[in-house]
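Student: Sharing a structure here in structure tokens format.
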Amino acid sequence: MSDLLQILDTALASAISRSGDHLACRPGCSQCCHGVFEISALDAHRLREALADAPEPLRSRLQTRISAARAHLLPFFPGDPATGVLHPDHQAQELFEEWAHADPCPILDPATQTCDLYAARPILCRTFGPPIRNDADDIEAGLSICELCFTQATDDEILAAETDSTFRALQHPLEAAYESANPQTGPTIIAFAFPNPS
């Protein structure tokens, strides 16, 4: 996993340097930290490890926010609350995401608007901002870009800043291997990535 994160961080550093002033992402900008979104079981594992290693009183503050988010989302959670695994019902997930689109991520510090588990943030969080092709094999697929970034950029400037997404060739097998070795896991959301406190 460390190899994947190193390759990804290198690719992102390159994309960020090529983005210049078109990139709005900076500490305190947290628009992408609101709403619910799917993360892998491997992402969830890294978050649990980071929470366990967090010093007090940060760990307690995080656990309080995670518990509150979980309780708020539970009535509409489209998955198994016991395991945190999402059901493969994409329509239900889309409705859930629309309902919770303004909810802050429970690991987002409400005072600083920065991530309290930044070093362990999920792959989706790491790649949001600079232009990236989510399907590396589909050249016709559009580039995903934060709506706050590249607002005055030309198509050529956007393409010139594209993130190298070949890390996905390593990401997907690692995620599949983790789920295979841990049968009670699967895609989840950040609030349900941690053990149920009750």
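Student: Give the residues of the stretch 1-39 whose amide nitrogen is closer than 16 Å to a point set 7 Å from the Cα of Glu157 in the direction of its Cβ.
Tutor: 16-25
Student: Just rank Glu49, Glu162, fewest to most, by other beta-carbon atoms within 10 angstrom. Show your work: numbers first, answer last.
Tutor: On the way: Glu49 12, Glu162 18.
Starting with the residue having the fewest Cβ neighbours, the order is Glu49, Glu162.
Student: Find how much the distance from His90 to Ala71 grows on full extension, using 0.36 nm per residue of separation minus their present alpha carbon separation; answer in nm with one decimal.
Tutor: Between His90 and Ala71, full extension yields 4.6 nm more.
Student: If you don't mind, there's one more thing I want to ask. So how far apart, in nm, are the two label points at Asp9 and Ala176 if each is 7 Å from Cα heading toward Cβ?
Tutor: The answer from the label model is 2.7 nm.
Student: Of the listed peptides 110-117, 63-70, what is their order by residue-averaged count of other C-beta atoms within 10 Å, with the highest listed first?
Tutor: 63-70, 110-117
Student: Let me ask you something else. Would you please state which residues of the stretch 32-54 a label at Thr83 would reach in this model, taking the label point 7 Å out along Cα→Cβ and a backbone N cut-off of under 14 Å?
Tutor: 41-42
Student: Can you give the FRET efficiency for Asp21 and Asn196, using 1/(1 + (r/R0)^6), R0 = 45 Å, r = Cβ-Cβ distance, to the nearest 0.05?
Tutor: Result of the calculation: an efficiency of 0.50.
Student: Could you work out how much longer the chain between Trp99 and Arg48 gets when fully extended? Use 0.36 nm per residue separation minus the Cα distance between them, nm to one decimal.
Tutor: Taking Trp99 through Arg48 to full extension adds about 15.8 nm, to one decimal.
Student: In what sequence do His45, His34 fall when counting other Cβ within 10 Å, fewest first?
Tutor: His34, His45
Just so you know, all these numbers are worked out from the coordinates, no wet-lab data involved. Just so you know, these numbers come straight off a predicted model, no measurement behind them. Quick reminder, even Gly has a Cβ in these numbers, built from the backbone with ideal geometry, and neighbours come from all protein chains shown.
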